[in-house]
Amino acid sequence: MRRRLLAVATAILVLSLIPAAVHAQSRNTGAIRGTVTDETGGRIPGVVVELQSPDYIGGVHALTTDKNGTYRFTDLPPGTYTLKYSIEGYQKVQRDGIVLEATKTLDVDIKLTARGGEETVVVSGQSPLVDLASSATPTNFSNDYLQNLPTTRFQPDILDLAPGINDSAAFGGGGSSANAYQIDGVDVSDPEGGTPFAFFNFNLMKEVQLVALGAPAEYGGFTGVVFNSVTKSGGNEFSGLIDILNVPKSLVAKNSSDASFAPPTQEKFYDTTAQVGGPFIKDKLWYFVSAQYLRDDSSDGGPLRTEKDPRLFAKLTWQVNPNNTFEAWGEFDRFDVTGRGGDAFTPLEATVKETAPEWDWNLTWRSVLSDKTTLNMAYTGWYGYYYLDPTSGYQQPGHVDDSGFASQNSAYYYLADRYRHVLNATISHYSDTFLTGKHDFKYGVEFERSHVRSQYGYPGGAYYYDNVTYGYSYAYLGYSYDLKAVNTRASAFVQDSWQVNDRFTINPGIRVDVNRGSVPGSANIFRTVPVAPRIGFTFDLTGKKTTVLKAHYGRYFE
């Protein structure tokens, strides 16, 4: 079956490559393009355009404008950029403070004047730039924005900060299971229920992007929103962070002098982070390391609930040569809780103990095959488990009486084992000779294999209900399950950003997913092949690239 899935997706990719060529950025990068003109509006070819940013490895990146006076830099990480323009006979110009967000394409046009001296004209404080290349309307949150909000600092909760999203339900999608949760494009959703399974350090986020309305064909597997967090990287300058949050018991009031009143209370809370980043080799090899330890002792009017969360993240960015870049990171975290589920009606012996370690990874290779063609390949995935073990062991049944008080043991146990492996490749190429206008085509394939095992049951094989008022008990007996499943997916997509003229762009695309699900000892029991067309357009209303009208139609599948 896996061979058939591979053959189908490969055939789609090969056929899609026949008509023309392609070029675009990844889910975590953006692009800057523009036109250089003279004082009369005439376009200037041969202008040297230099791009530099502390967020972009490799030092100064330079190219020259083409015969139409246009230039384009692609696959740029989010950050703040500087552009310099120079050509014999014209005054040099420098444009500072260009803020680029993930997946955005910015048009930065420059007008050069006849040389009046050797000094460089510095342009800054311009109006914010809008994305004219895509009909998508993502919401981006920078690290500065997130750090200055009074939030819980629980990374999945960022989702509710965006317009149109409440209680994790996005744009009509069916709650959190309708969303796709990603870290640098690594899908960290539960393969069974779709809810988030990995919980990264809040301080790791360089930028968070929510992609929903108008999402191109590259995105699939959701009907609500793609929630993608972009992690920090090293740089040419050494940098570090020490972050300590502490809530001592002395700051928590009881709000009542009644000794019998047992409200929720915070006994202890601290969240500590240490991060360091910098260059092993300047402009060549960067590192970034982050460590976190969170401790939360609280009560919901009953026994103490203790949470301990250690998290470690390490990342390398390597500019192998001018045309090849390699990035790799790994992350380990644990989410351990004792006294889970305890309250005024549930003592410690009737709670469960949560143990949830996880390992995540991302290996990405980018190769510039020519000045118009780029190849991106990535192998990503994660492994983890989520165990809710009864505090009093697996032999002692749990009890609950007619007043709602639990005793002796937890009423249940639940054990979840998960892993996901994903391999994807995209090839891109810019074409200004296909049909009319300019085209940023992008073709891609993706292969996924994920594993699910879920176990549930009653400790001791029974769960007792005690009616103290009338002096009888009855038992729920034997209910349990041990479910195993393997999911495979092969996906292929084609997407175009067709710039018909300087003000009008069309975004046609289509996506095909081949989904299969099986259980041990059985053939496939789940088969779907959803086809998802996408079409949209953008129109520059004023011709000044500051106000854009966007429209989009698309079909999406969970």
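The values are calculated or read from the model by the stated rules, or taken from the named source; none is laboratory data. Computed from a prediction, not measured in an experiment: that's the story for all the values here. For neighbour counting, all protein chains shown are included, and Cβ atoms are generated from backbone atoms with ideal geometry for every residue, glycine included. These area figures cover heavy atoms from the full protein model, side chains too; ligands, DNA and RNA do not enter into them. Shrake-Rupley method; radii C 1.70, N 1.55, O 1.52, S 1.80 Å.
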Checklist entry - Within a Cβ distance under 10 Å of S299, other residues only, what is the Lys/Arg minus Asp/Glu net charge? => result -3
Item to check | About the Cα centre, charge dipole magnitude for region 409-538 (Lys/Arg +1, Asp/Glu -1 at Cβ), debye | outcome: 200
Checklist outcome for this item: With a Förster distance of 60 angstrom and the Cβ-Cβ distance between D401 and V123, calculated FRET efficiency to the nearest 0.05 equals 0.20
Next on the checklist: Based on alpha-carbon centroids, what's the gap between region 508-536 and region 408-468 in Å, whole number please?
Outcome noted: 14
Checklist entry - Which FRET efficiency, nearest 0.05, do D167 and E237 yield, Cβ-Cβ r, R0 35 Å? => result 0.30
Item to check | Surface per residue (accessible, 1.4 Å probe) for the chain, Å² | outcome: 46
Checklist entry - Of H439, G221, N28, whose Cα points farthest to the positive end of the dipole of the chain (charges on the beta-carbon: +1 Lys, Arg; -1 Asp, Glu; origin at the Cα centre)? => result H439
Item to check | Under 14 Å, Cβ to Cβ, from P279 - net charge with Lys/Arg +1 and Asp/Glu -1 | outcome: 0
Checklist entry - By how many nm would the segment from T547 to V289 grow when fully extended, if each residue of separation counts as 0.36 nm and the alpha-carbon distance is taken off? => result 88.9 nm
Next on the checklist: For a test of the definition: using alpha carbon positions, the gyration tensor, and the 1.5 limit on a/c, classify region 328-448 as rounded, prolate or oblate.
Outcome noted: prolate
Checklist outcome for this item: Of the residues A253, L241, I281, the Cα lying farthest along the dipole of region 236-320 towards its positive end, which is defined by charges on the beta carbon of Lys, Arg, Asp and Glu, belongs to I281
Checklist entry - Just the projected area, averaged over all directions, of the convex hull on the alpha carbon atoms of region 100-200: how many nm²? => result 10.0
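Give me the mean projected area, in nm² to one decimal, of the convex hull enclosing the Cα positions of the chain.
30.7
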Next on the checklist: Let's see if you can work this out: charge +1 on each Lys and Arg Cβ, -1 on each Asp and Glu Cβ, no other charges. What is the dipole magnitude of the chain about its Cα centre, in debye to the nearest 20?
Outcome noted: 1680
Checklist outcome for this item: dims of region 434-558, Cα set, principal axes, largest to smallest, nearest Å -> 82, 42, 16
Checklist entry - Could you work out Rg/(2.2 N^0.38 Å) for region 227-367, with Rg from alpha carbons only? => result 1.47
Checklist entry - Helix 2-17 versus the longest principal axis of the chain: what angle, 0 to 90°, nearest 10, using Cα atoms? => result 20
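Carbon and sulfur: what percent of region 436-558's accessible surface (1.4 Å probe)? All intermediate terms of the calculation are to be shown ahead of the outcome.
Details: 3660 of 6260 Å².
For region 436-558, the apolar C and S fraction of the accessible surface comes to 58 percent.
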Checklist entry - In whole Å, how far is the Cα centre of region 190-242 from that of region 266-313? => result 18
Next on the checklist: Between T373 and L477, what's the calculated FRET efficiency when r is the beta-carbon distance and R0 is 45 Å? Round to 0.05.
Outcome noted: 0.10
